[in-house]
Every structure is written in structure tokens, then in C-alpha cells.
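Computed from the coordinates by the stated procedures, all read-outs in this text should not be read as laboratory data. Since the structure is predicted, the reported quantities are computational estimates derived from the model, not experimental observations. Counting neighbours? That spans all protein chains shown, and the Cβs are built from the backbone with ideal geometry, glycine included.
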Amino acid sequence: MEQDQAFVEYVVKAIVNNPDDVRTERTIDERGVLITLHINPEDMGYVIGRQGETARSIRKLLKTVGAKENARVNLKIYEPEGSRRERPQRENRREDMHDDVDTSVVDDLAI
């Protein structure tokens, strides 16, 4: 196992609840090295982090590891088809609130 691939596995296993499910694939093409990360779907939130901060940090560190070897390294987090969850809609969204507001009281004011 290459150093960059071992690094990804080490970091991810430390932050997930199911470290035995962590698996990586390493491929090389004309654009550089691509490491594809497979994890338990329940751990996706831990690896992605709030607004993608954890994933962004892992990618940044991985690029540094790759730079030491003069390689361009990228990380792809594998997401099984159909596993994306849509965000629950907020009940009181601003756009919806404007439609429900009664402005008849102030409409006739001459200001």
C-alpha cells in the first residue's frame, strides 16, 4: 500500500464508528493519483463534516502528502447510488412567509 493511500485509511479509521468498513482504491492516470474512499454509509457525516470541512481538510492534507512524492493526489468519497438524503425543508422559510403575510392594514397608509 502506498503512503498516500495508507494516510487516508489511517485518518478516516480514526474518525468513523465502523473502522473495519473503511476501504480505499488507488488508481493512476494522466491526471495523477485518485484515491477512492469506501466507508459505511452511517459514517458519511463524520467524514464529510459540517459543510464539507472535514473532507476538505483531509483532501488538503492528502495533497501535501502527495507533494512530498511529486504526485498530484485527489480523494473521491464513494457514495452509493440512492444514498443521498435531501435536507428536510424548514417549515418557516422566508419565501413562504411572504405569501402568508396580510398587508391590508398598511396598504392604504400615505407615507
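Worth pointing out:
- Backbone amide hydrogens, once placed in the peptide plane, bring LYS76 within less than 5 Å of ILE35, THR36, LEU37, excluding anything fewer than 5 places away on its chain.
- Qualifying GluC sites (Glu not before Pro) for the stretch 10-89 [loop in DSSP, other Cβ within 10 Å: at most 12]: GLU30, GLU69, GLU81, GLU86
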